[in-house]
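Asker: Once you've had a glance at the structure underneath, I'll fire off some questions.
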There are 2 protein chains.
Amino acid sequence: MKLSEAKAQFISSWGAFGTQWGINRTMAQIHALLLISPDPITQDTIMAELNISRGNVNMNTRELIDWGLVDRVLIPGERKEFFSAEKDIWKVATQIIKERKKRELDPMLKLLGQLEKIDGQAKDRDVKQFTETIAGIRKFGNQADKVLDVMIRAEENWFTGTLLKFFK
Amino acid sequence: MKLSEAKAQFISSWGAFGTQWGINRTMAQIHALLLISPDPITQDTIMAELNISRGNVNMNTRELIDWGLVDRVLIPGERKEFFSAEKDIWKVATQIIKERKKRELDPMLKLLGQLEKIDGQAKDRDVKQFTETIAGIRKFGNQADKVLDVMIRAEENWFTGTLLKFFK
DNA sequence: ATTTATTTTCAATAAGTTTTGAAAATTCAA
DNA sequence: TTGAATTTTCAAAACTTATTGAAAATAAAT
């Protein structure tokens with residue numbers, strides 16, 4: 001397979017994969033392009049490679065920066081801004097986990113905590129099923145929270161990081 | 001907080017949460033409603049509770065059944081079909097993991113396998129970055145695959161299941 | 001076999017999301 | 001400063017996905 005063909009295939013599939021996970025197709029494609037680019041690239045390169053508008057590139061690179069997956073890079077002597085993605089996949093994964101946890105899991109757990117205090121007779125079937133469901137999800141969510149924290153800290157901590165190399 | 005208020009809040013949040021994960025809002029809401037319903041309920045009840053059309057209920061309950069999260073229940077003497085959701089959150093989670101793994105992770109790993117064979121000089125920076133990225137994602141994906149298999153099998157296996165109770 | 005209840009399908013429509021592109025804002029150099 | 005290069009914004013348009021609802025299909029009862 002030729003490189004150009006493989007690149008196109010990867011970018012397109014990564015985009016499709018992203019949409020299944022609630023990530024904007026273009027954002028995923030830009031990320032894919034940056035992952036396989038050995039050097040930082042400009043807005044114009046992204047526009048040309050993916051055939052998308054300047055505004056679109058601008059919005060989605062910003063979003064990728066917000067997620068901590070991409071950096072703006074200043075190249076001495078160059079007027080334009082360049083973009084570069086974190087290439088270590090383990091770091092990419094922990095960064096995504098960290099963000100989704102903060103944006104989604106933590107608020108959900110907070111909400112569930114509030115929903116557990118219900119007026120009404122605990123013997124009432126409806127009340128019982130409701131509180132049990134909420135408690136079950138909360139317990140599961142809290143465990144997931146802890147497991148994810150371990151993963152995230154593993155990346156930031158030298159000792160576990162070293163252990164992790166055997167796993168990676 | 002009153003039960004009715006808490007229910008509405010839970011269903012609505014579960015739906016919003018779902019959309020962030022690439023799951024149709026209505027499907028997530030129906031799932032939420034079934035999770036907190038002590039007894040199986042009919043299409044009409046779902047229509048009334050969520051204010052949605054019959055066709056919508058029909059499509060989304062089918063999808064939930066496909067995902068293995070909901071069952072059709074026949075109640076003796078009743079003409080209508082009833083629906084009931086698996087209530088054990090751990091089982092719900094492993095079922096979702098199992099399905100997403102099958103539908104998304106496995107095909108992605110297959111694709112990455114194909115993309116690793118690239119014509120071209122391995123010293124070429126472009127080729128090098130591409131193959132390294134693909135290899136990195138593939139390695140990570142394979143590890144995730146293994147970890148998820150352990151989780152899934154834990155649910156299906158008595159011994160690990162017993163161990164798991166300490167964790168749950 | 002016919003009627004009645006119930007479920008399923010799917011074209012049309014509505015709702016939601018993403019993308020464009022041109023104007024405004026910003027940045028840098030002369 | 002002023003002007004050119006570059007980035008950002010955001011209303012309008014394009015595209016995608018979800019929902020409706022009525023007709024067709026199926027299943028059960030008489």
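Asker: Please list, ordered by residue number, the helices (runs of 4 or more DSSP H) wholly in region B:1-50 having 1 or more residues that are touching a helix residue (DSSP H, G or I) at 6+ places or on another chain (Cβ under 6 Å) and over 23 Å from A:Arg138 (Cβ atoms).
Answerer: It comes to B:25-35, B:43-50.
Asker: If you go through region A:24-38 one residue at a time, do you hit one that is under 26 Å from A:Glu104 (Cβ atoms), in contact with a strand residue (DSSP E or B) (Cβ under 9 Å, 6 or more places away or on another chain) and of a type in the set (Val, Ile, Thr)?
Answerer: Taking every residue of region A:24-38 in turn, at least one turns out to be under 26 Å from A:Glu104 (Cβ atoms), in contact with a strand residue (DSSP E or B) (Cβ under 9 Å, 6 or more places away or on another chain) and of a type in the set (Val, Ile, Thr).
Asker: From the set of residues in region B:25-39 that are within 13 Å of DNA strand D (Cβ to nearest atom) and of a type in the set (Val, Ile, Thr), which is surrounded by the most Cβ atoms within 10 Å (Cβ to Cβ)?
Answerer: In this case the residue turns out to be B:Ile30.
Asker: Another question, then. For region B:1-11, which residues satisfy the criterion of being more than 10 Å from chain A (Cβ to nearest Cβ) and within 9 Å of B:Ala32 (Cα to Cα)?
Answerer: Hit for region B:1-11 is B:Ile11, nothing else.
Asker: Run A:Lys80 past the list (1) within 16 Å of DNA strand D (Cβ to nearest atom); (2) exposed (fewer than 13 other Cβ atoms within 10 Å of the Cβ); (3) under 23 Å from the mean Cα position of the chain (by Cα) and report the number of the one that doesn't hold.
Answerer: Answer for A:Lys80: the failing condition is (3).
Table: residues versus (1) at pLDDT 95 or above; (2) surrounded by fewer than 18 Cβ atoms within 10 Å (Cβ to Cβ).
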{"site": "B:Val73", "(1), (2)": "yes, yes"}
{"site": "B:Ala85", "(1), (2)": "yes, no"}
{"site": "B:Asp88", "(1), (2)": "yes, yes"}
{"site": "B:Leu109", "(1), (2)": "yes, yes"}
{"site": "B:Gly113", "(1), (2)": "yes, yes"}
{"site": "B:Asp119", "(1), (2)": "no, yes"}
{"site": "B:Gln129", "(1), (2)": "yes, yes"}
{"site": "B:Ile134", "(1), (2)": "yes, no"}
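Asker: Could you list all residues from region B:40-75 that are more than 13 Å from DNA strand D (Cβ to nearest atom), more than 23 Å from A:Gly22 (Cα to Cα) and without any contact (Cβ under 8 Å) to a residue 24 or more places away in the chain?
Answerer: Selection gives B:Thr45, B:Asp71.
Asker: If you don't mind, there's one more thing I want to ask. Considering each of A:Arg72, A:Arg100 in turn, give the residue that is basic (Lys, Arg) and outside any helix (DSSP H, G or I).
Answerer: Every option except A:Arg72 fails the conditions.
Asker: So is B:Gln20 out of contact with any Ser or Thr (no Cβ under 8 Å at 6 or more places or on another chain), modelled with pLDDT under 95 and of a type in the set (S, T, N, Q) or not?
Answerer: Against the criterion (out of contact with any Ser or Thr (no Cβ under 8 Å at 6 or more places or on another chain), modelled with pLDDT under 95 and of a type in the set (S, T, N, Q)), B:Gln20 qualifies.
Asker: Would you tally the residues in region A:30-51 being under 22 Å from the mean Cα position of the chain (by Cα) and within 12 Å of DNA strand C (Cβ to nearest atom)?
Answerer: Summing the residues that are under 22 Å from the mean Cα position of the chain (by Cα) and within 12 Å of DNA strand C (Cβ to nearest atom) in region A:30-51 gives 4.
Asker: Residues in region A:84-103: is at least one within 16 Å of DNA strand C (Cβ to nearest atom), charged (D, E, K, R), out of contact with any His (no Cβ under 6 Å at 6 or more places or on another chain) and within 14 Å of chain B (Cβ to nearest Cβ)?
Answerer: Scanning region A:84-103 turns up at least one residue that is within 16 Å of DNA strand C (Cβ to nearest atom), charged (D, E, K, R), out of contact with any His (no Cβ under 6 Å at 6 or more places or on another chain) and within 14 Å of chain B (Cβ to nearest Cβ).
The values are calculated or read from the model by the stated rules, or taken from the named source; none is laboratory data. Note that this is a predicted model, so its numbers are computed, not measured. Methodologically, a virtual Cβ is constructed for each residue, glycine included, from the backbone with ideal geometry; neighbour enumeration extends over all protein chains shown.
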